[in-house]
Amino acid sequence: MAVLLRAFFLFSLLIPFSSSSSIDASKKTFIVQVHKDSKPSIFPTHKNWYESSLASISSVNDVGAIIHTYETLFHGFSAKLSPLEVEKLQTLPHVASIIPEQVRHPHTTRSPEFLGLKTSDSAGLLKESDFGSDLVIGVIDTGIWPERQSFNDRDLGPVPSKWKGQCLVAKDFPATSCNRKLIGARFFCSGYEATNGKMNETTEYRSPRDSDGHGTHTASIAAGRYVFPASTLGYARGKAAGMAPKARLAAYKVCWNAGCYDSDILAAFDAAVSDGVDVVSLSVGGVVVPYYLDAIAIGAYRAVAAGVFVSASAGNGGPGGLTVTNVAPWVTTVGAGTMDRDFPADVKLGNGRVVLGTSVYGGPALIPGRLYPLIYAGTEGGDGYSSSLCLEGSLNPNLVKGKIVLCDRGINSRAAKGEVVKKAGGLGMILANGVFDGEGLVADCHVLPATAVGASGGDEIRKYIAEAAKSHLQPTATILFKGTRLGVRPAPVVASFSARGPNPESPEIVKPDVIAPGLNILAAWPDKIGPSGIPTDKRTTEFNILSGTSMACPHVSGLAALLKAAHPGWSPAAIKSALMTTAYTLDNRGETMLDESSGNTSTVLDFGAGHVHPQKAMDPGLIYDLNTYDYVDFLCNSNYTTKNIQVITGKIADCSGAKRAGHSGNLNYPSLAVVFQQYGKHKMSTHFIRTVTNVGDANSIYKVTIKPPSGISVTVEPEKLAFRRVGQKLSFLVRVQAMAVRLSPGSSSMKSGSIIWTDGKHEVTSPLVVTMQQPLQ
């Protein structure tokens, strides 16, 4: 799936399943918000009222057009509407907004240890929070495979009394599927079927059961129980555990073969908050649009307003800039980093050179010491482009049989390329990154001996093949599978695929917020789905190794549950602040984290505040807190109309107090960012106001350390904050002054620094990003 790297381009090739039921192509799905409490008393239910509203504007009395009704976070319904019906519906006095539906796609044994969470600790986050046993994490994803040991309920107490959710029973999902660990399971497919017709139940389950694997994987990362032994095809052997092993899980299945539909996602948000979840984990993303047109941003806002922490994946569009998704400031947006573990599988060429690679292939190996004929399919006749990518049907078996084939990344999934090579008679595959992928490597459970190499490695292999051909020699190679390697340096590294800033919708809000482990993560996996994810793979495994910001997000969801359990009074913004201000930016060599794609030093736009550090987040000292009024002021100062703000918040917006906040960059966020438009000015300046709450020790004095961006003047007033008691709030002013720099029209220059408050025990760090932009004219 698009945000799950093993099938990055798959959905561009998917043709939606069409059933015998007719789908009116002239109608599209819209989400209709109505004014709360405006239902006339003559209608017994809101649904009756909504059906009457539709009947009043429809030329055909198509009352069956309602897909979902929303009652908890959002008041309204979703329906298939023609353009004329949308126009008429907008004239009804009780209709607040109409939002077009977007289709989205889904974007680990060692990670708890790498993050410093160990069961043997007598103190620390796991101990303090009793592993989050009364907290509920709602995972909005592809469903769950409930029989996995990661979801057993041994030694768990009763289901929390606050829980109001349910376990939806279906023919393949009996009531026994839920227990004291998996306490809720629902599925939402009406939006999916409204667009695609009735689902094909031979390939999908009409139940919360997972037919993809993504949801099972992410749920066990967030809150999987301890399982030993755990591995995938012999790799990453050890003890598997989620971030909050005793937290309860609720699965909300919204993703199907053709994607995840907004009307279903919003219904899942509505149900999750009504059910009583404490955290929502969403490893799903789409196109960035204004928040009032974004169902995820709207659902997340309403959830956060109800006290629910929402974490979402940043997306896998990296390493390019402006690729980050799920960028609303009330969402915690998570990018992906590497861990200190990898799976080396190197290519040895006939000329003696070794090219570094990675793989989790677990089948019969190539014969040790033997070199095999090597070809690059893109130069061997036929359609060079298709064969270079090893697309279905593109390889000539006469040329491929008995050889190792070099394939380029792109179009079809990485594992599918191996299947194409295998079907054509190839013995092995080398998968080479393109220039855009850089040197970032992802390990896959291939169906034949195969490995992935970086762009430079691919160039070296192609060059070797070309030079051998000129000398009329047979190029040869083998793949050396070396198993699991621990203690890798440097780590963490920002994963090549992890989506990058700046924030396309709100440049003054740094996104992603943080990064967490997201490369080659081992977690639970369903039966009936091979570890490569391709239909012909009949292997079974209880765990699988996957990569993506989809895997990073549930790490933060689980950590948020632990923090909420340890600090029940903390708001979602306080939890995010604790994770951000204690995050680290140095790797295990003591140097700034690298960017995997280039090998260069990474920046704030790559990692946000840094890599999460759970133990420090437990005791951050100070927090930057926020409430709904702050978010409304932010939206007002971002030039959203009061009507647009009401679509997001569900309440009549008052922008009269927003001027007191000054500008949108004054949202009390744990990071600071400004974009200066040069417009011929020589000197530019701005200021930020921030308020911190003492959650550390009474009678503590914090002093500021300023690390200004290069060439930028930064001052902070006051330079000292003296707190008399816990819970006390104090404010400070940050002034930023910059001189114009020489830039070509339309270009920009970004520099970063930080502001650090310390009392000798705590370090509270906020990144500061200054961007100079030269207008086009």
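The values are calculated or read from the model by the stated rules, or taken from the named source; none is laboratory data. On a predicted model such as this, the values are computed, not experimentally measured, just so you know. Ideal geometry is used to build each Cβ from the backbone, glycine not excepted, and the neighbour counts take in all protein chains shown. Note: accessible area is taken over every heavy atom of the protein model, side chains too, but ligands, DNA and RNA are not part of it. Shrake-Rupley method; radii C 1.70, N 1.55, O 1.52, S 1.80 Å.
Computed values, structure above
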| read-out | value |
| --- | --- |
| Subset of region 347-382 (residues that are within 35 Å of the chain's Cα centre (by Cα) and within 23 Å of Glu439 (Cα to Cα)) | Val347, Val354, Val355, Leu356, Gly357, Thr358, Ser359, Val360, Tyr361, Tyr376, Ala377, Gly378 |
| Qualifying residue in region 240-257 (condition: surrounded by fewer than 24 Cβ atoms within 10 Å (Cβ to Cβ) and under 20 Å from the mean Cα position of the chain (by Cα)) | yes |
| Contacts under 6 angstrom Cβ, first residue in region 202-217 being assigned by the TED database to the domain that holds Ala175, partner among the small types (Gly, Ala, Ser) and open to solvent by less than 10 Å² (accessible area, probe 1.4 Å), 6 or more apart | Pro208/Gly143; Pro208/Ala185; Pro208/Ala251; Arg209/Gly143; Asp210/Gly143; Gly215/Gly143; Thr216/Ala524; His217/Ala523 |
| Qualifying position, being over 19 Å from the mean Cα position of the chain (by Cα) and among the charged types (D, E, K, R), among Lys538, Lys511 | Lys538 |
| Criterion (assigned to a strand (DSSP E or B), under 12 Å from Leu249 (Cα atoms), open to solvent by 10 Å² or more (accessible area, probe 1.4 Å) and not charged (D, E, K, R)) met by exactly one of Ile137, Ile183 | Ile183 |
| Residue list for region 670-696, filter: open to solvent by 60 Å² or more (accessible area, probe 1.4 Å) and not polar (S, T, N, Q) | Tyr679, Gly680, Lys681, His682, Lys683, His687, Ile689 |
| Positions within region 303-320 being modelled with pLDDT under 95 and either of a type in the set (Ser, Thr, Tyr) or surrounded by fewer than 24 Cβ atoms within 10 Å (Cβ to Cβ) (or both), in sequence order | Gly317, Pro319, Gly320 |
| Residue within region 493-501 that is touching a Cys at 6+ places or on another chain (Cβ under 6 Å) and in the same structural domain as Glu542 (by the TED database) present | no |
| Region 411-434, residues that are closer than 20 Å to Gly599 by Cα and open to solvent by less than 10 Å² (accessible area, probe 1.4 Å) | Leu431, Ala432, Asn433 |
| Selection from region 597-614 of residues that are under 24 Å from Gly454 (Cβ atoms), at pLDDT 95 or above and in contact with a Ser or Thr (Cβ under 9 Å, 6 or more places away or on another chain) | Thr601, Ser602, Thr603, Leu605, Asp606, Phe607, His611 |
| Pairs with Cβ under 6 Å, 6+ apart, first in region 482-511 and farther than 15 Å from Gly610 by Cα, second assigned to a loop (DSSP other than H, G, I, E, B) and of a type in the set (Ser, Thr, Tyr) | Ser496/Ser597 |
| Scope region 153-199; condition within 30 Å of Lys27 (Cα to Cα), basic (Lys, Arg) and touching a strand residue (DSSP E or B) at 6+ places or on another chain (Cβ under 8 Å); matching residues | Arg186 |
| Yes/no for Pro475 being over 30 Å from Arg539 (Cβ atoms), modelled with pLDDT of 95 or more, touching a helix residue (DSSP H, G or I) at 6+ places or on another chain (Cβ under 6 Å) and open to solvent by 10 Å² or more (accessible area, probe 1.4 Å) | yes |
| Answer from Asp437, Asp459 - the residue that is over 17 Å from Asp537 (Cα atoms), part of a helix (DSSP H, G or I), of a type outside the set (Val, Ile, Thr) and open to solvent by 10 Å² or more (accessible area, probe 1.4 Å) | Asp459 |
| Residue in region 589-620 that is nearest to Asn316 (Cα to Cα), counting only those that are small (Gly, Ala, Ser) and out of contact with any Pro (no Cβ under 9 Å at 6 or more places or on another chain) | Ser602 |
| Residues located in region 144-180, provided they are open to solvent by 40 Å² or more (accessible area, probe 1.4 Å), in a loop (DSSP other than H, G, I, E, B) and not hydrophobic (A, V, I, L, M, F, W, C) | Glu147, Arg154, Asp155, Pro158, Ser161, Lys162, Lys164, Gln166, Lys171, Pro174, Asn179, Arg180 |
| Residue match in region 550-569 (condition: over 25 Å from His214 (Cα atoms), within 22 Å of the chain's Cα centre (by Cα), part of a loop (DSSP other than H, G, I, E, B) and not acidic (Asp, Glu)) | no |
| Residues within region 350-373 that are of a type in the set (S, T, N, Q) and under 13 Å from Gly428 (Cα atoms), tallied | 1 |
| Restricting region 524-564 to residues that are among the β-branched types (Val, Ile, Thr) and crowded, with 24+ Cβ neighbours inside 10 Å, the residue that is farthest from Asp437 (Cα to Cα) | Val556 |
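Each row is one residue, and each column tells you yes or no for (1) open to solvent by less than 10 Å² (accessible area, probe 1.4 Å); (2) at pLDDT below 95.
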{"site": "Thr332", "(1), (2)": "yes, no"}
{"site": "Gly335", "(1), (2)": "yes, no"}
{"site": "Ala345", "(1), (2)": "yes, no"}
{"site": "Leu349", "(1), (2)": "yes, no"}
{"site": "Gly352", "(1), (2)": "no, no"}
{"site": "Leu356", "(1), (2)": "no, no"}
{"site": "Ser359", "(1), (2)": "yes, no"}
{"site": "Gly362", "(1), (2)": "no, yes"}
{"site": "Leu371", "(1), (2)": "no, no"}
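Yes/no per residue for (1) closer than 30 Å to Asn639 by Cα; (2) among the aliphatic types (A, V, I, L, M); (3) within 20 Å of the chain's Cα centre (by Cα):
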{"residue": "Ile515", "(1), (2), (3)": "yes, yes, yes"}
{"residue": "Glu542", "(1), (2), (3)": "no, no, no"}
{"residue": "Leu546", "(1), (2), (3)": "no, yes, yes"}
{"residue": "Ala574", "(1), (2), (3)": "yes, yes, no"}
{"residue": "Met580", "(1), (2), (3)": "yes, yes, yes"}
{"residue": "Ser597", "(1), (2), (3)": "no, no, yes"}
{"residue": "Val612", "(1), (2), (3)": "no, yes, yes"}
{"residue": "Ile623", "(1), (2), (3)": "yes, yes, no"}
